1. In the stretch 122-160, which residues have a backbone nitrogen under 12 Å from the label point lying 7 Å from Tyr180's Cα in the Cα-to-Cβ direction?
2. If you roll a 1.4 Å probe over the heavy atoms of the protein chains, what accessible area per residue do you get for the stretch 12-102, in Å²?
3. Could you grab the Rg to Rh ratio for the stretch 31-176? Cα atoms only, Kirkwood for Rh.
4. For the stretch 30-97, just say rounded, prolate or oblate: build the C-alpha gyration tensor, square-root its eigenvalues into a ≥ b ≥ c, call rounded for a/c under 1.5, and beyond that prolate if a/b exceeds b/c, oblate if not.
5. FRET efficiency for Ile11 and His107, Cβ-Cβ distance as r, R0 = 30 Å, nearest 0.05?
6. Sort 104-115, 43-54, 10-21 for me by packing, meaning the mean count of neighbouring Cβ atoms within 10 Å per residue, highest on top.
7. Using a 1.4 Å probe over the heavy atoms of the protein chains, calculate the carbon and sulfur portion of the accessible area of the stretch 93-149 as a whole percent.
8. Sort the following peptides by mean Cβ neighbour count (other Cβ atoms within 10 Å, averaged over residues), highest first: 30-37, 74-81.
Amino acid sequence: MILVESKRKKIEGLQKKYPNAIIADVTSKSNNALIKLSPLYPWGDIPVPYTPNMVATCVEAVWQGLKVFEKAGVDVETFKNNSMRRIKRTTKRFGKIRGHRRGVYGHVIFDYIEARKKIYIPSYRWMLENKALDIINRIREINHSHTIILLDYYTNCDVFNHTKPLSHAYLVKAYVEGLYPFEDVKEMITHHHYYCGRKLISWTTEETKYKEIKHDKKDPQLLIDFDF
């Protein structure tokens, strides 16, 4: 079982609440390899949605760079920020947010939830599958025998809740467990069994497996399903 808790809570309290759980900090302040699951982590070469041949340093750079404000449009310079700092573009500086543009040169502007579904989540998924899959597989392995508490600054686990930022820790949980919006990471395999003796007996069993991830480095845009 995987749970999402606030990074702001005291570790002592979480340890008391979940005495046998593994507490894993997946924020940009993590002091171990799990920092690589942060949307701020500068992996590099993260495809910018709907914009072939353009990449960003991290998922958050994609999200912030495609924001459109009253006083500012798309900012391609944000895609180059690899410092894990000063990436957020704010209303205080640029005015009210109009939405997120459908690609650098697109004409459509997505509202918040649509942008979350078609920009942020697909970009984060691409990062998990193409940069951090070893970490995900390790979490899956540990999750067989331990409860895992993922720490995040945001704990909103509802993709359709527009009042709070979506927890990327929830997206890790969803990808590991095959929950919305990543139900398709698992597939059901049916096995047919036959016994030949005096009678012909047949039966089937079903097994759930994680799908094999295939990478195509030639065109990373093709690997992103923007329209789920």
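1. Within reach of a label on Tyr180, which here means backbone N under 12 Å from a point 7 Å along Cα→Cβ, the stretch 122-160 contributes 158-160.
2. 55 Å²
3. 0.97
4. oblate
5. Calculated transfer efficiency: 0.05.
6. So the order, starting with the most tightly packed, is 43-54, 104-115, 10-21.
7. For the stretch 93-149, the apolar C and S fraction of the accessible surface comes to 47 percent.
8. Top to bottom by mean Cβ count within 10 Å: 74-81, 30-37.
The values are calculated or read from the model by the stated rules, or taken from the named source; none is laboratory data. Since this is a predicted model, take the numbers as computed values, not measurements. Cβ sites come from the backbone with ideal geometry, for glycine too, and all protein chains shown count toward neighbours. What goes into the accessible areas is simple: the full protein's heavy atoms, side chains included, and nothing from ligands, DNA or RNA. Shrake-Rupley method; radii C 1.70, N 1.55, O 1.52, S 1.80 Å.
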